[in-house]
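First up is the structure itself, then whatever we jot down about it.
Rule-based calculations on the coordinates, nothing more; no lab input. Computed from a predicted model, the values in this text were never measured in an experiment. Note that we place each Cβ from the backbone using ideal geometry, even for glycine, and neighbour counts take in every protein chain shown.
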Amino acid sequence: MTATPDGPQQLPHPRIAELVARFREIGSTRVKGLPIYNPRIEVEAVGFQPFGEGWIGALITPWFMATLILLRDRRAVDEDKIGTKGREMLPCGECEFSRGGDHIVGAYKTRSIRSTMSEFASQDTARVEALRVLSELMSEGSPASNK
């Protein structure tokens, strides 16, 4: 743990830190320089909390933002299932997620928040949006599942 002016802060679980590191690598080697890349935004995992067999949170990148379900234990990715849809029961109701992953992070499930990041002028505005959507998904009675 690290101390902050607001009290102790938990360091991210190594799996979440690994996710961030992997997407930073993808950004710097494959996406940087493409028109979809917003240089004002950096890769960040926000709001991750225990959920089922792992965590749910939001992943912000310079090229997309998504709610992501990451399992505690790395599981091999079934390449034939990447992009296929499935349903997850969240506090707001049943929501559609797509299967994703790679050989480093393993399998995960994702639900798009933003498919481009050009509208965000700063990391702070992206973070506020990510946490707002995550809060809706994790709140009972929220209409977020209809989106």
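A few remarks follow.
- Among 28, 142, the order by Cβ neighbours within 10 angstrom, fewest to most, reads 28, 142.
- Note, ³J(HN,Hα) from phi for the range 56-67, Karplus 6.51, -1.76, 1.60, rounded to Hz, x at Gly and Pro: 10, x, 10, 10, 9, 9, x, 10, 6, 9, 8, 7
- Cβ-Cβ FRET estimate between residue 18 and residue 98, R0 fixed at 25 Å, reported to 0.05: 0.80
- Rounded to whole numbers, the Karplus 3J(HN,Hα) couplings from phi for the range 99-112 are 7, x, x, 8, 5, 8, 7, x, 6, 8, 10, 9, 9, 4 Hz, using 6.51 cos²θ - 1.76 cosθ + 1.60 with θ = phi - 60°, and x at Gly and Pro.
- Inter-part distance, the range 121-136 to the range 17-93, computed on C-alpha centroids, equals 15 Å.
- In the range 10-146, the alpha-carbon atoms span a convex hull of 112 Å³ per residue.
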